[in-house]
Structures are given as structure tokens and as C-alpha cells.
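Chemist: Structure provided below as C-alpha cells; questions to follow.
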Amino acid sequence: MLEQTGIPTMSDVNAVLPSPVRLTQGPIAILECFQNIPCNPCADACPQGAISIGNDINQRPILDETKCNGCGVCLTSCPGIAIFVVDYAFSESHAMVKLPYEYSPLPENGQIVNALNRQGETVAGVQVKRVQLNKNKTAVVWLAVPKALAMVVRGIAIAKEDCQYE
Ligand code: SF4
Ligand code: SF4
């Protein structure tokens, strides 16, 4: 349970996912923001006006899937590291998963890294397709992830001694 562990379950995640049809149509933000806290940078940052918080800043953000184009601007503005972008249309076998990343060192383009689930467990070896640097120092790591794991992979480990897939 989220309340007991701080880790969202797939049931929590499924409740905030865009529609299955929209998920097939290209990149879209996944707002994994599950607590009622006074926070709204994501809504302010979105150039498409796709995120709304409502009149009470403690309400959780809601995504308008018809407006979101998956640009990822909200991802880098979220202090809670709670936003991801997923693109199931990336290739036949893989989705592109974009993660906020605030550790050092950064991974490198092309590197195979351990893909972690929300519990921090390694679930696969995946390739880094791009490391996007941003002025606010929240980097975005683009990963090619097997489609079956696109809603599972939410972190990476790059230390060589930890990597089971090199
Ligand atoms: S990915 Fe871009 S368009 Fe979609 S909600 Fe975030 S900032 Fe808005
Ligand atoms: S910025 Fe992040 S933590 Fe704050 S409301 Fe938006 S998704 Fe939640």
C-alpha cells in the first residue's frame, strides 16, 4: 500500500494512466503523483495547459490526454520526481521511457544500465538512448524499454559493479 511503504502499487498507477488508445499514439506524460500536497509547478510549466490542479492547490494533478504532446517540460519541473514520459510508439518491441535523473555521474548515450522497478529492484538491462541536460539540473534519461516493462521501469542503476547485464 502506498500509505505504508511510500511505493505506489500497479493499482495506484493504473488509476492515473491515460487511456489505452492514447498510450498507443505517441509520447505522453504519466503523472505518478499520489499524495495531496500543496504543489503545482507541473501545471504552471506545461506549455499546452494539459495539467490542472483545481482550485485547491492540495489536489492532485489531472492530465488532459488530448492536450499532452509528451514534450517532458513538466517532468523536469516536478520537485517530487513524480512525472515520466512513455512512448509506446517508439518501436515495435520497445517503448521509450523518459525518467528524471538527479544523480551523479550521469549515464552515457548507448550505455546498457540496470532498469529498476519502483521498489528499486533490477528488472532488465536497457539501453540509454539519450541523456538530456536541463538548466535546472534535473536531467532526463531516455531509455528503450521492452513494452511489457514500460509501466514498471522507473529508475536505473549505472554502477558497473551493480550492473548484471554488461
Ligand atoms: S509532457 Fe509536455 S504537454 Fe504533456 S503535460 Fe507535460 S509539459 Fe504538458
Ligand atoms: S509538480 Fe510533481 S509533485 Fe507537484 S503536483 Fe505536479 S506531479 Fe505532483
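Chemist: Taking the options PRO27, PRO38, PRO8, PRO20, name whichever one is out of contact with any Ser or Thr (no Cβ under 7 Å at 6 or more places or on another chain), within 14 Å of ligand 2 (Cβ to nearest atom) and under 29 Å from SER91 (Cα atoms). Write out each step before concluding.
Modeler: On the way: PRO27 fails: within 14 Å of ligand 2 (Cβ to nearest atom); PRO38 fails: under 29 Å from SER91 (Cα atoms); PRO20 fails: within 14 Å of ligand 2 (Cβ to nearest atom).
Answer to the check: PRO8.
Chemist: When ALA95 is evaluated against the numbered criteria (1) within 16 Å of ligand 1 (Cβ to nearest atom); (2) surrounded by fewer than 15 Cβ atoms within 10 Å (Cβ to Cβ); (3) of a type in the set (Gly, Ala, Ser); (4) at pLDDT 95 or above, which criterion, by number, is the only one it fails?
Modeler: Status for ALA95: all satisfied but (2).
Chemist: Which of the following residues is more than 10 Å from ligand 2 (Cβ to nearest atom), among the acidic types (Asp, Glu) and outside the structural domain of GLN132 (by TED's automatic domain parsing): GLU121, GLU65, GLU108? Spell out how you get there, then give the answer.
Modeler: Details: GLU121 fails: outside the structural domain of GLN132 (by TED's automatic domain parsing); GLU108 fails: outside the structural domain of GLN132 (by TED's automatic domain parsing).
Testing whether each residue is more than 10 Å from ligand 2 (Cβ to nearest atom), among the acidic types (Asp, Glu) and outside the structural domain of GLN132 (by TED's automatic domain parsing) leaves just GLU65.
Chemist: Same structure, new question: Would you check which residues across segment 38-53 are free of Cβ contacts under 8 Å to residues at least 40 places away in the same chain, among the hydrophobic types (A, V, I, L, M, F, W, C) and more than 10 Å from ligand 1 (Cβ to nearest atom) and list them? If you could, list the steps in order and put the result at the bottom.
Modeler: Here is the first cut: in segment 38-53, the ones free of Cβ contacts under 8 Å to residues at least 40 places away in the same chain are 38, 40-41, 43-53.
Checking the rest, the ones that are also among the hydrophobic types (A, V, I, L, M, F, W, C) come to 43, 45-46, 50-51, 53.
Within segment 38-53, just ILE53 meets the criteria.
Chemist: On to the next question. Out of LYS129, LYS160, which single residue is open to solvent by 80 Å² or more (accessible area, probe 1.4 Å), modelled with pLDDT of 95 or more and among the charged types (D, E, K, R)? Lay out the reasoning, then the answer.
Modeler: On the way: LYS160 fails: modelled with pLDDT of 95 or more.
Matching residue, one of LYS129, LYS160: LYS129.
Chemist: Same structure, new question: Name the residues in segment 4-29 that are open to solvent by less than 60 Å² (accessible area, probe 1.4 Å) and of a type in the set (Gly, Ala, Ser), would you? Spell out the reasoning first.
Modeler: To start, the set of residues in segment 4-29 that are open to solvent by less than 60 Å² (accessible area, probe 1.4 Å) comprises 6-9, 12-13, 16-19, 22-23, 26-29.
GLY6, SER19, GLY26, ALA29, listed by residue number.
Chemist: Another question about this same structure. Within segment 54-69, take every residue that is surrounded by fewer than 19 Cβ atoms within 10 Å (Cβ to Cβ) and within 12 Å of ligand 1 (Cβ to nearest atom) and give me the one that is nearest to ASN134 (Cα to Cα). Even if it seems obvious, please write down each step before you answer.
Modeler: Step one: of segment 54-69, the residues surrounded by fewer than 19 Cβ atoms within 10 Å (Cβ to Cβ) are 54-60, 62, 64-67, 69.
Keeping just the survivors that are within 12 Å of ligand 1 (Cβ to nearest atom) gives 62, 64-67, 69.
Details: ILE62: 24, ASP64: 25, GLU65: 25, THR66: 26, LYS67: 23, ASN69: 19 Å.
Across segment 54-69, the extreme among qualifying residues is ASN69.
Chemist: Please work out which residue is surrounded by the most Cβ atoms within 10 Å (Cβ to Cβ), limiting yourself to segment 31-53 and to residues that are part of a helix (DSSP H, G or I) and of a type outside the set (Gly, Ala, Ser).
Modeler: Taking segment 31-53 as the starting set, the residues that turn out to be part of a helix (DSSP H, G or I) are 41-45.
Now drop any that are not of a type outside the set (Gly, Ala, Ser), which leaves 41-42, 44.
On the way: PRO41: 15, CYS42: 26, ASP44: 10.
Top of the filtered list is CYS42.
Chemist: Also, I was wondering about something else. Regarding ARG22, is this residue without any contact (Cβ under 8 Å) to a residue 60 or more places away in the chain, part of a helix (DSSP H, G or I) and outside the structural domain of ASN117 (by TED's automatic domain parsing)?
Modeler: On the way: without any contact (Cβ under 8 Å) to a residue 60 or more places away in the chain: yes; part of a helix (DSSP H, G or I): yes; outside the structural domain of ASN117 (by TED's automatic domain parsing): yes.
The answer is yes for ARG22.
The values are calculated or read from the model by the stated rules, or taken from the named source; none is laboratory data. Being a predicted model, the structure only gives us computed values, none of them experimental. Virtual Cβ from ideal backbone geometry, glycine too; neighbours counted across all protein chains shown. Areas reflect the complete protein model, heavy atoms only, side chains present, ligands, DNA and RNA absent. Shrake-Rupley method; radii C 1.70, N 1.55, O 1.52, S 1.80 Å.
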